[in-house]
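**Q** Handing you this structure, nothing more for now.
The values are calculated or read from the model by the stated rules, or taken from the named source; none is laboratory data. Treat the numbers as computed from the prediction; the structure is a model and nothing was measured. With ideal geometry, Cβ positions are generated from the backbone for all residues, glycine too; neighbour counts draw on all protein chains shown.
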Ligand SMILES: *Cc1c(COP(=O)(O)O)cnc(C)c1O
């Protein structure tokens, strides 16, 4: 039972990612179930893991897509997610992206500044087409997560304050081409406490009531994403309770709840599989050197993120070590000062909770090929992205060498 990591490694080599699609299904159903008393849409945050098969799988369950670039919008459409389930978010959108989103008639554009709203209006007028808008409100709440993934404070670049949002809704009301359909707030990622979410949702819900009082009806209340997962020993937000708190805050409002989870749906579905090249000792520090690197999975290097690591071996004698990749950077590590068994060449090393913000953040640094990805579903494994070739890496430059 379960994923046969060795068999995949024998056939396709390492490193690679494998995603348990049944886990993704379970997470989706759990979240959707917490809101069964209301109309709701789970718009998957594509940036967490944008593999077409992952997006398609979620789409087939009924999910929409929350996209932060037109490239992501195209991915969602490509695998059959309907335009009326697609949201386009992000602090910096290019004119051509805004134009395409309007032409595609997506559910709404999440606008994050007055300047952006003005651009959207100009473009919609040029196209002579109505554009549905949602405004991202920054409720100035500390989400109590890592500063790099915190977005709900005024010191962060995201969204606008309530007063600005009010001016923007009035501008929309007076516009011939803009239509206010939604409101949005997303305070951060890997949230493990319900209270900051409750506070910010209440602030935004009261604002919606104020808008209603001046005859502005909002149809979609987008509560953002951010639900945390277990990487180590975190206590999580109970999804049922999350649903209750949000529905309570929205009491009396006839509004569809939109959620934009990324990590929650795919994070714990993924495993990054790499293998031991050799061990070395510098001074008295033991290093386990593996064939995967920070270009494949950057979260430890970028945020000092913790991932559970497991060596597939029968050895049980543990000792302290750093587990590092081959990339020429001191930041190229997966863990420091952890106890691992003595390893041998080719032992597999499993890096858990690698389904979100891992493959999507990978690069070709050190001219390393992007790795293969696999899906595991109903007891079977299949390839969903092949390993890149060196020719593909060089191709975009080759025409220009003298
Ligand atoms: C990244 C992001 C999400 C998803 O965040 P998770 O923590 O992965 O759930 C949702 N909404 C917006 C606007 C985002 O930028």
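**Q** Which of the strands (runs of 3 or more DSSP E) contained wholly in region 195-304 include at least 3 residues that are within 16 Å of the ligand (Cβ to nearest atom) and under 20 Å from the mean Cα position of the chain (by Cα)? Outline the logic, then answer.
**A** Details: elements: 220-222, 256-259, 270-282, 285-290.
So the answer is 256-259.
**Q** Which numbered condition trips up residue 375, out of (1) surrounded by fewer than 19 Cβ atoms within 10 Å (Cβ to Cβ); (2) more than 30 Å from residue 320 (Cβ to Cβ)?
**A** It fails just one condition, (1).
**Q** Next question, about the same structure. Select from region 340-365 the residues that are under 23 Å from residue 22 (Cα atoms) and either within 16 Å of the ligand (Cβ to nearest atom) or within 14 Å of the chain's Cα centre (by Cα) (or both) and list them in ascending order.
**A** Correct list: 353, 354, 355, 356, 357, 358, 359, 360.
**Q** I need the full set of residues from region 73-91 which are surrounded by fewer than 22 Cβ atoms within 10 Å (Cβ to Cβ), modelled with pLDDT of 95 or more and farther than 18 Å from residue 32 by Cβ, in order please.
**A** The first filter runs over region 73-91 and keeps only residues surrounded by fewer than 22 Cβ atoms within 10 Å (Cβ to Cβ), leaving 74-75, 77-80, 82-85, 90-91.
Narrowing the set further to residues that are modelled with pLDDT of 95 or more leaves 74-75, 77-80, 82-85.
Result: 74, 75, 77, 78, 79, 80, 83.
**Q** Would you confirm whether or not region 163-171 contains a residue that is touching a strand residue (DSSP E or B) at 6+ places or on another chain (Cβ under 9 Å), farther than 28 Å from residue 102 by Cβ and within 16 Å of the ligand (Cβ to nearest atom)?
**A** The answer is no, given that none of the residues of region 163-171 is touching a strand residue (DSSP E or B) at 6+ places or on another chain (Cβ under 9 Å), farther than 28 Å from residue 102 by Cβ and within 16 Å of the ligand (Cβ to nearest atom).
**Q** So in region 178-194, with the set limited to residues that are farther than 25 Å from residue 357 by Cβ and surrounded by fewer than 19 Cβ atoms within 10 Å (Cβ to Cβ), which one is farthest from the chain's Cα centre (by Cα)?
**A** 179
**Q** Scan region 1-57 for residues that are part of a helix (DSSP H, G or I) and within 16 Å of the ligand (Cβ to nearest atom) and report the count.
**A** Qualifying residue count for the region: 12.
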